[in-house]
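Engineer: Mind having a look at this structure? Questions to follow.
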Amino acid sequence: MRIYLIFALLLASACSPPSTVTRQHDNWTGFTQVITDEHEILRDTTAVMTARGIMIARDGKQGFAVLTNLRRLVPNGPIIQSMHNGDTRLHYHRHDRPLTHCNDRCRRAETGAIYMTKAGFEVASHTGLTLRIQGRRGRYTATVPAGLFAAVLKGIQ
């Protein structure tokens, strides 16, 4: 019985979102950023997606976002057309489509950001953020855990 309990605790801790945040300040640009470690939010037979929570501040102004990285495990890279949370279309912006994970062959990934308000970020720190991703080469559903948002908010203080 104890072995099952220990195994269950190890499994639960392996699935929990990272609580590590990095806080950096650049004296030259004046930007301060609080960012979480990368966390896998989707893995299926065709794709893997990771996310990081981030806050960037300068001159008393703050910006909040979720940085995303989606890569397909099958031929052809992802091309995200839109992201939704329920019926609400999220403010997603593609940053790049780099070749990554070049162990046996390189895979095309799409990196981007979901820009959010502070109020939306605070709500997501309690509820998480369920993503419905519509792409030219596939549809995906993923959930950004509330812990990523909460860790960024805690790192600000």
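The values are calculated or read from the model by the stated rules, or taken from the named source; none is laboratory data. Source: prediction; values computed, not measured. Methodologically, a virtual Cβ is constructed for each residue, glycine included, from the backbone with ideal geometry; neighbour enumeration extends over all protein chains shown. Keep in mind that these areas ignore ligands, DNA and RNA; they rest on the heavy atoms of the full protein, side chains included. Shrake-Rupley method; radii C 1.70, N 1.55, O 1.52, S 1.80 Å.
Engineer: At 7 Å along Cα-to-Cβ for each site, give me the label-to-label distance between Ile56 and Thr141 in nm.
Structural biologist: With each label placed 7 Å out from Cα toward Cβ, I get 3.3 nm.
Engineer: Shape verdict for region 49-157, please, from the Cα gyration tensor: rounded (a/c under 1.5), prolate (a/b greater than b/c) or oblate.
Structural biologist: Here region 49-157 falls in the prolate category.
Engineer: Using a 1.4 angstrom probe with every protein chain in place, what is the largest-first accessible-area order of Leu153, Leu99?
Structural biologist: The residues order as Leu99, Leu153, largest area first.
Engineer: Hey, another quick one. Whole Å is fine, so just give me how far the alpha carbon centre of region 32-65 lies from that of region 91-157.
Structural biologist: 6
Engineer: Helix hunt in the chain: which complete DSSP H runs extend at least 18 Å axially by C-alpha with mean Kyte-Doolittle at least 1.0?
Structural biologist: The answer, listed by residue number, is 2-15.
Engineer: Tally Lys and Arg at +1 and Asp and Glu at -1 over the other residues with C-beta under 12 Å from the C-beta of Leu131: what net charge comes out?
Structural biologist: Within the 12 Å Cβ shell, the charges total +3.
Engineer: Comparing Gln33, Gln81, Gln24, which has the greatest mean-square fluctuation in the GNM of the chain with Cα pairs linked when under 10 Å apart?
Structural biologist: Sorting by GNM fluctuation, first place goes to Gln24.
Engineer: For Ala47, list long-range residues whose amide hydrogen, built 1.01 Å from N in the peptide plane, is under 5 Å from its own amide hydrogen.
Structural biologist: Here Leu73 satisfy the definition.
Engineer: Grab the other residues whose beta carbon is less than 15 angstrom from that of Ala142, score K and R as +1, D and E as -1, and report the net.
Structural biologist: So the surrounding residues net to +2.
Engineer: Still on this structure: Enumerate the residues in region 51-80 having an amide nitrogen under 13 Å from the point lying 7 Å beyond the Cα of Asp44 toward its Cβ.
Structural biologist: Within reach of a label on Asp44, which here means backbone N under 13 Å from a point 7 Å along Cα→Cβ, region 51-80 contributes 72-74.
Engineer: What's the local net charge at His95, with K and R +1, D and E -1, over the other residues with C-beta under 13 Å away?
Structural biologist: It works out to a net charge of +1.
Engineer: So, in nm, how far is label Leu73 from label Lys154 when the simple model puts each one 7 Å beyond its Cα toward the Cβ?
Structural biologist: Reported label-point gap for Leu73 and Lys154 is 3.1 nm.
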